[in-house]
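Chemist: Structure below; questions to follow.
Every read-out reported here was derived from the displayed coordinates using simple, explicitly stated rules and does not represent laboratory data. Keep in mind that this is a model prediction, so the values were computed, not measured. Cβ coordinates were reconstructed from backbone atoms using ideal geometry, including for glycine residues, and neighbour counts include every protein chain displayed.
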Amino acid sequence: MVSYVDVPKPAAFPASKVPDTLSAGEVVAISQSFVDRFNSAVESEDPAAFDALFAPDDSFWRDTISFTSDFRSIGKPNIQQAASDRLRVAKAHGAKLSLTPEPTIEKPFEDVSFIQAFFTFSCAIGSAIGIVKLIPGPAEDYVAWILFTTLDGVDGFPEHAGPTRIRGQHNSTKSYDEILSEKTENSDPEVIIVGGGHNGLEIAARLGAMGVKALVIDTYKRVGDNWRLRYKSLSLHDPVYSNHLAYFPFSATWPVFTPSGKLANFLEYYADAMELSVWTETSIVTSDTYFDESKKEWFVTVSRKGVPHTFKVSHLVLATGIGGGHPKFPPPFKGQELFKKDIVHSAHHKDGKDWTGKTALVVGACTSGHDISLDFFNNGADVTMLQRSPTYVMSIENGVPTVNPYRENLDTWTVDLLSESSPKYVGRLFHKRYVPEIKAKDKELLAGLKKAGFQLYDGRDGCGFFINTNTRSGGYYYDTGASPRIISGDIKVKAGEIDHFTEDSVFFKDGSSLKPDVVVFATGYTGFKDTIKDILRDKYANSFKQFWDLDREGELFGTCRDVGIPNLYYVVGPLSGARFNSKIVALQIIAERKGVLGNRYSIEAQESGVLSKLVSV
């Protein structure tokens, strides 16, 4: 058998549809039959039987950690080999159909339908969850279009939350503040997390709930300053019900769209309420931090307000933000050094009030470019946005309800699992359908933008923001108010490129010019490898694997998985993804500490066949 076949991106949804005539009882019976066949295949370690669970064409098995100790979206031609290599390792057993949520017929589009069912099982590492999307097969049985399996717990490390929360104590001889201060000041961590944003704090919370001590360090003065100190007009573009933090949802009175300062204060409160050990005004001392290969430990020295502290920990986690690296400028333009007015990066823009009555040029037409342009206009500046390439635009009102699966009163963790259950190349099929639907609703807005000279496109692969955000984290804008100002001419738009600067002017390649008082480059960041260089120096940066963008199976490179540096995880992503990612990273750390994670069954491992001889972890 060929060890690995590059599977083309699915071009269409399955032709098979679920009959509308099925009763709720029949849906449960079909789901139970699949779970029974799944259990039989994994317990008997029968690769052929496991492969037979799947539809013969364009079906997928997405696994996070439970079978592969990696993130994989395995296409049908590779499933039997993967099962042959990993069923003996994973030792999955005891699969049981879940009735909460109950199996249902899902019909996302008129011509697409499938039965969706949740189930639980156990594996060599611990507890696991499965979600299957079933379609009628060539025989009588229903088969998996998509099977999702994910680790949910590590044996011996229960997650103390909800019904399993810790008891607490009565009649303590110390005040709560004394106990908390001692815990923070006398920190003896097993894991150090660099970055006190939502990802870093949630990973610390997950580890703490499973009994592993983590110390979060951050260079800012206060938790939340990564949001608090950015431009004042910044707010989240995703609704509150998709942004709840692990264990701690926002209040029922929280606004749908969150101002950055409000989120900053909540993160500070979250760290306090979750009893997280956080050292602010603290940074790693690069020269005195290294991984000891013989002891399999990180020796980490940090400087806290100028005072050094050294720790031995099993793992280091970098949670330093989606930008990665340093603010990125284009290569210097001719004459740029002569320009006597201000040039700043969007990362350092603070307040449009500083430029009332002045002229501003914003270079870049994605989210930050729009937000900052609107900030300038709202504060009485004459602003021009320079658009160098087309942008995907959708309205908040029409776009977000279409593409965002989260809703008020839905169980957030259930939606998290469903959001993770499909490979991204299958998600691409959904978004190719969403884009024309949103465009039709946004017809007037998009026509106005086009008339104003704004360049639009449908996103990479015609998928709107979806592929863009997973490959370059840019190229799109959810309209929160800038688009109508572009249409009205209040925010001027110019397509093209800068040619050169003079002392007081910016000249463009079409020969026109502008005399701005400030130029803001909303042009992204240099890349995650620069963060590794800054924190851990060149030795580790040189072994750092590709990060971000999609691999051949549509999984994100690097984030939450092996990055080529031992016992180190690099985690980035939005609030909506942090709940799942924080848990899956915490589980991997605990499994590695326990010695049960085993070898990662990557694409390269499957190609080489190296792991096909493994019998157990």
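Chemist: Restricting the count to DSSP beta bridges whose residues both fall in the chain, what percent are antiparallel, rounded to a multiple of 5?
Modeler: Around 55 percent of the beta bridges assigned by DSSP in the chain are antiparallel ones.
Chemist: Which one, GLN80, CYS123, PHE109, is farthest towards the positive end of the dipole of the range 54-140 when Lys and Arg carry +1 and Asp and Glu -1 on their Cβ?
Modeler: CYS123
Chemist: 5 Å is the cut-off here: which amide hydrogens, built 1.01 Å from N in the peptide plane, fall below it relative to SER3, excluding neighbours closer than 5 in sequence?
Modeler: none
Chemist: Tell me which lysines have Cα within less than 21 Å of LYS183's Cα, excluding those fewer than 8 residues away on the same chain?
Modeler: LYS174, LYS213, LYS221, LYS305, LYS312
Chemist: Additional query: Semi-axes, largest first, in whole Å: what does sqrt of 5 times each Cα gyration tensor eigenvalue give for the chain?
Modeler: 41, 33, 23
Chemist: Using +1 at the C-beta of Lys and Arg and -1 at the C-beta of Asp and Glu, which of SER31, CYS560, PRO308 has the Cα lying farthest in the positive direction of the dipole of the chain?
Modeler: PRO308
Chemist: Check cross-link reach from LYS515 to the lysines: straight Cα distance under 20 Å, and skip same-chain residues fewer than eight apart.
Modeler: Partners within reach: LYS334, LYS340, LYS341, LYS353, LYS358, LYS492, LYS494.
Chemist: Sort out for me the Cα centre separation of the range 205-237 from the range 402-435, rounded to whole Å.
Modeler: The range 205-237 and the range 402-435 have Cα centres spaced 26 Å from each other.
Chemist: Apply the Karplus curve 6.51 cos²θ - 1.76 cosθ + 1.60, θ = phi - 60°, to the phi angles in the range 544-557 and return the couplings in whole Hz, x for Gly and Pro.
Modeler: 5, 6, 4, 10, 6, 6, 9, 7, 4, 9, x, 8, 5, 5
Chemist: Can I ask one more? Assign unit charges at the C-beta atoms only (+1 for Lys and Arg, -1 for Asp and Glu), then state the dipole size of the chain relative to its Cα centre in Debye, rounded to the nearest 20.
Modeler: Result for the chain is approximately 1020 debye, rounded to the nearest 20.
Chemist: ASP6 to ASP36: extension gain in nm, 0.36 nm per residue of separation minus the Cα-Cα distance?
Modeler: That works out to 7.8 nm of additional length.
Chemist: Let me ask something else about it. Please give the calculated 222 nm ellipticity per residue for the chain, where each DSSP H segment of at least 4 residues contributes -39500 (n - 2.57) and the sum is spread over every residue; nearest 500 deg cm²/dmol?
Modeler: It lands at -9000 deg cm²/dmol.
Chemist: Would you mind checking which residues have amide H under 5 Å from GLY325's amide H? H placed 1.01 Å from N; only 5 or more apart, or other chain.
Modeler: GLY527, THR531
Chemist: Lysines near LYS96 by alpha-carbon distance under 20 Å, same-chain residues fewer than 8 away left out - which ones?
Modeler: Partners found: LYS133.
Chemist: Using unit Cβ charges (K, R positive; D, E negative) and no other charged atoms, how large, in debye to the nearest 20, is the dipole of the range 91-244 about its Cα centre?
Modeler: My answer is approximately 460 debye.
Chemist: Taking amide H positions as placed in the peptide plane 1.01 Å from N, state which residues far from ALA381 in sequence (5 or more) or on other chains have amide H under 5 Å from it.
Modeler: GLY357
Chemist: Can you pull out the trypsin sites (Lys or Arg not before Pro) in the range 419-497 whose DSSP state is coil and whose Cβ has at most 15 other Cβ atoms within 10 Å?
Modeler: Those that pass, being in a loop and sparsely packed, are ARG472.
Chemist: So, one more: Cα centroids of the range 95-132 and the range 471-543: how far apart, whole angstrom?
Modeler: What the calculation gives is 43 Å, centre to centre.
Chemist: Just how large is the dipole of the range 300-398 about the Cα centre, in debye to the nearest 20, putting +1 at every Lys and Arg Cβ and -1 at every Asp and Glu Cβ?
Modeler: 540
Chemist: Determine, from the Cβ-Cβ distance of ARG167 and ALA273 and an R0 of 22 Å, the FRET efficiency 1/(1 + (r/R0)^6), rounded to the nearest 0.05.
Modeler: 0.80
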